[in-house]
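Novice: Next up is a structure, given as structure tokens.
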Amino acid sequence: MASLQSLPADLPLRLTSFFRKFPPHLYSAKATGMTIPLTKKAAKLAAEARSAPGVSKAVQAQPINYSLPPTPESSNDTPDVDVKTVEPQTTSSPATTKPAKQHLNPFLPRKIFTTGKWRGPQYGLRIQADLVKLARKYGVEELLPIGPKSTAFKQQRLIEHGLRIRGTGEGQQVKGHKWERTQGARLEKRRQAMENMPALISEWKSKGHGRGWKKFPKRNA
């Protein structure tokens, strides 16, 4: 995973400061594998699930990943070493165990269940858009956290929902004027009348050139 040392040297100060505050190996979309729901209702439910007390307690209950110093028993290259003797639960007490730090996405809001209120994202949409534009320019957009201004989210939303403009979907039409909405039916009626014109003329002549004729066309047809 990308680290601060592996980042390009020509990055602007704004991006380097952001990556120093939010390391890519902890917050990037590539590292977390996180996706954003495309609708507001689904996004609200997902945010509540992320900030749920049960989920946070489960995360805090996990022990911190650390490596034990080498011991004389573990340094011996014997094949029958008992692995269970170096468990961190036996050497650490509940008072000294610290909860694991939660790496919250700075581009997404979260709900505080103790107060029932929502806390907005750490970076607003305008700043997110500026960061995404800078990262896209230098080719490091995948190292940013996922957000509503990211290119991947916009492309996925465009594929699933289209332009979201009324009348541009399949089987839809823009309202327009009344004559535009009825133009297709009127042209089709005129075409059929022109095709049936020879039979109409013959019927007109056979009935005495209009005596008792009631099939006169309307003026607005």
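Novice: For the stretch 109-126, which positions are in contact with a strand residue (DSSP E or B) (Cβ under 7 Å, 6 or more places away or on another chain) and either part of a loop (DSSP other than H, G, I, E, B) or surrounded by 16 or more Cβ atoms within 10 Å (Cβ to Cβ) (or both)? Working first, answer last.
Specialist: First, pick out the residues of the stretch 109-126 that are in contact with a strand residue (DSSP E or B) (Cβ under 7 Å, 6 or more places away or on another chain): 109-112, 118-119.
Hits for the stretch 109-126 are Pro109, Arg110, Lys111.
Novice: Here's something else I'd like to know. Which one of the conditions (1) of a type outside the set (Asp, Glu); (2) in a loop (DSSP other than H, G, I, E, B); (3) in contact with a Gly (Cβ under 6 Å, 6 or more places away or on another chain) does Pro106 fail to meet, given that it meets all the rest?
Specialist: The number of the failed condition is (3).
Novice: Could you say whether any residue in the stretch 166-177 is touching a residue at least 60 places away in the same chain (Cβ under 8 Å) and out of contact with any Gly (no Cβ under 6 Å at 6 or more places or on another chain)?
Specialist: no
Novice: Would you point out which residue out of Ala152, Ala129 is assigned by the TED database to the domain that holds Lys30, part of a helix (DSSP H, G or I), at pLDDT below 90 and surrounded by 12 or more Cβ atoms within 10 Å (Cβ to Cβ)?
Specialist: On the way: Ala129 fails: at pLDDT below 90.
After applying the criteria, what remains is Ala152.
Novice: Out of the residues in the stretch 206-221 meeting the condition of being surrounded by fewer than 10 Cβ atoms within 10 Å (Cβ to Cβ) and among the hydrophobic types (A, V, I, L, M, F, W, C), tell me which one is modelled with the highest pLDDT.
Specialist: Phe216
Novice: A follow-up question, please. Name the single residue that is surrounded by the most Cβ atoms within 10 Å (Cβ to Cβ) among those in the stretch 175-205 being at pLDDT 85 or above and of a type in the set (Gly, Ala, Ser).
Specialist: Here the residue is Ala193.
Novice: Please specify each residue of the stretch 26-51 satisfying the condition of being at pLDDT below 85, in a helix (DSSP H, G or I) and within 20 Å of His103 (Cα to Cα).
Specialist: Ala29, Lys30, Ala31, Thr32, Ala43, Lys44, Leu45, Ala46, Ala47, Glu48, Ala49, Arg50
The values are calculated or read from the model by the stated rules, or taken from the named source; none is laboratory data. Predicted model only: the values in this text are computed from it and were never measured. Because the Cβ atoms are built from the backbone with ideal geometry, glycine has one as well, and the counts that use them run over all protein chains shown.
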